[in-house]
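Here's the structure we're looking at; comments come further down.
The values are calculated or read from the model by the stated rules, or taken from the named source; none is laboratory data. Values in this document were obtained by computation on a predicted structure and should not be read as measured data. So basically every Cβ, Gly included, is an ideal-geometry build from the backbone, and we count neighbours across all protein chains shown.
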Amino acid sequence: MELAPSAHVDTFCRDNLPPQDLWPEFLFTIPDVQYPERLNAGVELLDATIERFGPDRRCLLTPDGQTWTYGDLLRRANQVAGYLVDECGIVPGNRIMLRGPNNPWLVACWFAVLKVGAVVIPTMPLLRPRELLTMAEIATFDLALCDHRFTADLEAAGIPGLRIVEYSGSGQSDLAARIADQPTEFDAVDTAADDVCTLAFTSGTTGRPKATMHFHRDVLANADTFSKHLLRPEPDDLFTGTPPLAFTFGLGGLVVFPMRAGAATLLVEKATPDELAGLIGEHHATICFTAPTGYRAMIAGHHHQELRSLRRGVSAGEHLPEATWRAFYEATGVKLIDGIGSTEMLHIFVSAADDDIRPGATGRAVPGYEAAIVDAQGQPIPDGEPGRLAIKGPTGCRYLADPRQTAYVQNGWNLTGDTFIRDEDGYFWYQARSDDMIVSSGYNIAAPEVEEALMRHDDVVEAAVVSVPDEARGALVKAFVVLHDDAKKAVRDPAAGAAKIKELQDFVKAEIAPYKYPRAMEFIDDLPRTSTGKLQRFRLRQDG
């Protein structure tokens, strides 16, 4: 693939792309993803949307009553862009870190970075100094735009030469004061569609993080595939949800998708499922993005009335159990849209919506993508047999100068690290992360299948299943279980705890093949998760 002439003066990103013979095969088979050679995603999502709908539509809302129109966002983004160029000396291709919770100023900064042709690096606000320093070593930040409440750890990281500009605070040093005299118009840099515009770091549970490199066209491609063809947002929709914008699930669901459609977003800095349900009810949100545990908790908290305004719920980050899907549907009438995506691919590439949903299945390949099941050698596997999920489409994995490129991309396919089964109708059924398949006494046991069986028990809030070594069987299935409060109190008595374990084991034997039941079980208060909500099974294996 020949790249178009770059607008980047700082050539760091182009210089550190993996060799093209290690890239996946990219597919542009549908008209929606056939973009012009010159493209700036910031202009397409903001300026072009205003041309279609006008500047006065509501755009960004906050729980405390702030409302920014599209025109408000454009003016502030343009002023920040002017400041970055005039006062900070930013040139196209420089890398700018963003650090802060979901709020309008974070979005304004994101658009400003795109418009000046720089490369945005969004980071989770809860990352610690060591993690921030590692990211800086990989991506060599030129500037950081940081929410004033989250500067301490960034300063403690001691990143050499890094300039930090605070926003969403007060005083003359705050970004709002610094941009006050900047023009509200800005001529965006004429970037190439295949100029890198963002480095998204993987939020993996172990190991050194990887920086995934995404072009301007990649940012739009997920909106023009999954969002356009399955989510189908409308201009009057109000999106909301809990994923941070530094998590590509959040960036797509709370910024890119709504703005591509001229819709609005209620930005929530932090919310429990109970609080999220209350905000949905108060603001009449219509589309929600959160993890399966969030949907399950909202129903367990009896928030049916607050959720009446929802017409869409999107679940990703981990597998959506069929029991959770059915409980949410029975309570609200909303058919949750499950999907699998990845930081490497930016967003969801296998999913289903409305009457195409088969509860328990993740879905089919999203229009614009192809999906297959392959074996360890990369050869196709017949339908009905488990294997590795392989994906091709308009987005794909490009790690920044990382030898792990050859693990994720093989034979032109993106290999997500998930084990699936495809049925004869093309639906993909999640089995486990490829490293979460448990082999016990010669049987292959998928941890999520056991988890889902446990979660169908009325006393179980959450469950996580891992493999623990066993001399006789090679490995044992062990379950870590979070119980509802009343049941949790009861099992403090050792005899009652033993009885509850036996009850849950028998329940699983009745739900799925008896050989899959957890032979070991432990009750815990909470499951360990990453800042993006992903279950950290490796920590349970260490404790097990």
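For this structure, a couple of remarks:
- Count of residues meeting criterion [assigned to a helix (DSSP H, G or I), over 13 Å from THR151 (Cα atoms) and not basic (Lys, Arg)] in the range 111-136: 9
- Contacts under 7 angstrom Cβ, first residue in the range 365-376 being under 20 Å from ARG217 (Cα atoms) and in contact (Cβ under 8 Å) with a residue 24 or more places away in the chain, partner among the hydroxyl-bearing types (Ser, Thr, Tyr) and in a loop (DSSP other than H, G, I, E, B), 6 or more apart: GLY368/THR29
- Within the range 14-33, residues that are of a type in the set (Ser, Thr, Tyr) have Cβ atoms under 8 Å from residues that are part of a loop (DSSP other than H, G, I, E, B) in these pairs: THR29/GLY368, counting only partners at least 6 apart in sequence or on another chain.
- The criterion of at least 1 residues that are over 25 Å from ARG232 (Cβ atoms) is met, among strands (runs of 3 or more DSSP E) falling completely within the range 343-442, by 370-374, 387-392, 413-422, 428-433, 437-440.
- Number of the exception - GLY313 against (1) surrounded by 24 or more Cβ atoms within 10 Å (Cβ to Cβ); (2) touching a Gly at 6+ places or on another chain (Cβ under 7 Å): (2)
- Number of residues in the range 418-433 that are touching a helix residue (DSSP H, G or I) at 6+ places or on another chain (Cβ under 9 Å), among the basic types (Lys, Arg) and either closer than 13 Å to ALA371 by Cα or in the same structural domain as VAL450 (by TED's automatic domain parsing) (or both): the value is 0.
- Single unsatisfied condition, SER315 versus (1) touching a residue at least 60 places away in the same chain (Cβ under 8 Å); (2) over 17 Å from LEU389 (Cα atoms); (3) touching a helix residue (DSSP H, G or I) at 6+ places or on another chain (Cβ under 6 Å): (1)
- For PRO55, the stated conditions do not hold, so it cannot be described as surrounded by fewer than 19 Cβ atoms within 10 Å (Cβ to Cβ) and either in contact (Cβ under 8 Å) with a residue 40 or more places away in the chain or within 23 Å of ALA193 (Cβ to Cβ) (or both).
- Residues that are modelled with pLDDT of 95 or more and closer than 16 Å to GLY317 by Cβ within the range 188-211 comprise just one, ALA200.
- For the range 473-500, the set of residues classified as more than 33 Å from the chain's Cα centre (by Cα), of a type outside the set (D, E, K, R) and more than 16 Å from ALA463 (Cβ to Cβ) consists of GLY474, ALA490, PRO494, ALA495, ALA496, ALA498, ALA499, listed by residue number.
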